[in-house]
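Structure first, commentary second.
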Amino acid sequence: MIHVDHLTKRFGRHAAVEEISFDVGSGEVVGFLGPNGAGKTTTLRMLTGYLPPSAGAASVAGFDIFRQSLQARRRIGYLPESVPLYRDMRVREYLTFRARIKGLTGSVLNRRIEEVIDQCGLQAVRRKMIKTLSKGFRQRTGLADALVQDPELLILDEPTNGLDPNQIRAIRHLIKRLGEKHTILISTHILSEVEMLCDKIIIIDAGRIKAADTPSNLVSQMRAAGRITLELKGPADDAARALDGLDQVRKVSHDLSHDGWEHFSVLVESGADERARIAQLCRDRDWPLRSIYRHEATLEDVFVELTRKD
């Protein structure tokens with residue numbers, strides 16, 4: 001559905017996106033992740049025809065997004081981060097206006113408007129002025145606009161940004177249902193959202209692709225250190241030095257003290273499990289050990305490992 005080949009965008013001397021390449025298959029729901037300023041929105045704006053590239057190529061459904069821009073854009077529904085709505089129009093009036101711009105007429109127009117109002121849960125506000133809507137309903141209206149021409153591809157830029165937890169849950173559920181019929185490329189900062197919604201993840205940082213794979217594969221392949229947390233009763237400084245002296249330990253942090261128990265976080269080499277040695281150390285020093293837990297790697301760990309600057 002999407003093919004991107006060495007796509008580049010420069011603003012003066014600054015390369016916002018530099019020679020990125022990736023593919024999104026038909027029917028996939030793909031998360032596009034990266035820290036602020038990584039180049040996510042710039043990439044989405046190029047794919048949707050809002051920005052010209054400095055170099056490289058891209059296509060949507062086989063149509064070059066620059067040389068065949070109109071044919072490509074007809075197959076895209078785009079929800080930008082800040083939804084541009086006409087606040088003095090009513091919801092159905094606005095959707096009718098947008099559908100006509102996109103070439104829908106007559107019975108097809110009316111049918112599609114009713115379908116997207118139903119899909120996006122807008123029945124209760126269809127006759128309300130957009131300026132009176134909550135942000136959640138404004139997001140739904142923008143999504144209905146993106147869907148009205150029944151596009152093959154949906155590109156969503158931070159679709160749950162600024163919503164409350166109930167609104168986020170509702171939008172996530174809606175996107176999940178849409179993923180059954182549409183290819184979706186979704187940019188977001190919320191990693192739990194990606195894990196729930198996406199078949200594949202693309203991570204971009206400083207304008208370059210750092211990883212592209214399924215969430216489970218990225219977690220299993222990560223190079224980051226493992227982490228063990230424990231509670232023991234003993235002198236904090238001595239315990240920290242002793243833990244730091246173990247072969248596979250990279251870093252020891254003393255988190256807090258409570259009721260005489262010292263809480264430590266221990267980073268170990270990737271794949272290492274130092275729990276047995278830590279337990280033996282505590283027995284040798286006569287330090288009571290109340291708990292010890294090895295944390296499994298998460299998508300957040302992958303993201304931090306790939307995008308951290310230190």
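Here are a few things to note about the model shown:
- With a threshold of 21 Å on the Cα-Cα distance, the over-threshold entries among K40/K210; K176/K210; K40/K131 are K176/K210; K40/K131.
- Which of H14, H3, H173 has the fewest Cβ neighbours within 10 Å, and the rest in rising order: H14, H173, H3
- Counting neighbouring Cβ atoms within 10 Å and putting the fewest first, the residues M46, M129, M1 line up as M129, M1, M46.
- Dipole magnitude of the chain about its Cα centre (Cβ charges: Lys, Arg +1; Asp, Glu -1), debye to nearest 20: 1840 debye
- Viscosity 1.567 mPa s, temperature 4 °C, Stokes-Einstein D of the range 226-307 from Kirkwood C-alpha radius, µm²/s: 99 µm²/s
- Set of aspartates and glutamates near K9 by C-alpha distance (under 20 Å), chain-local residues within fewer than 8 positions excluded: E18, E19, D23, D64, E81, D157, D205
- Dipole of the range 226-307 computed with +1 at Lys/Arg Cβ and -1 at Asp/Glu Cβ about the Cα centre; of L306, S270, A240, farthest Cα towards the positive end is A240.
- Residues of type lysines that K181 reaches as a straight line, Cα spacing below 19 Å, ignoring anything fewer than 8 places off in the same chain: K200
- Taking S187, S26 and counting other C-beta atoms within 10 Å, the order from fewest to most: S26, S187
- Given charges at Cβ of Lys, Arg, Asp, Glu: the range 1-142 dipole, positive-most of S69, A58, H6: S69
- Nearest-0.05 FRET efficiency for R283 and W261, computed from C-beta distance (R0 22 Å): 0.85
- Sequence-distant contacts, meaning Cα pairs under 8 Å at least 6 residues apart, place the relative contact order of the range 119-234 at 18 percent.
- Note on the range 2-216: Kirkwood radius taken over Cα pairs, Stokes-Einstein applied at 10 °C and 1.306 mPa s, translational D equal to 90 µm² s⁻¹.
- Reachable lysines, given that their alpha-carbon falls under 26 Å from the alpha-carbon of K233 and they are not under 8 places away in the same chain: K251
- Cα-projected label distance for D237 with Q119, points at 7 Å along beta-carbon direction, nm: 6.6 nm
- Expected-Rg normalisation [2.2 N^0.38 Å, Cα atoms] applied to the range 136-189: 1.05
- When the helices of the chain are scored as -39500 (n - 2.57) per DSSP H run of n ≥ 4 and the total is divided over every residue, the value at 222 nm lands at -10000 deg cm²/dmol.
- Between H173 and D64, the FRET efficiency estimated from the beta carbon spacing at R0 = 35 angstrom works out to 0.50.
- Measuring spread by the Cα atoms of the range 148-253 yields a radius of gyration and Dmax of 20.6, 67 Å.
- Cα-only Debye scattering, the range 1-81: base-10 log of I(q)/I(0) at q = 0.11, 0.16, 0.17 Å⁻¹: -0.26, -0.57, -0.65
Since every read-out is calculated from the coordinates, none of them should be taken as a lab result. All figures in this text were calculated on a predicted structure; none of them were measured in a lab. Because the Cβ atoms are built from the backbone with ideal geometry, glycine has one as well, and the counts that use them run over all protein chains shown.
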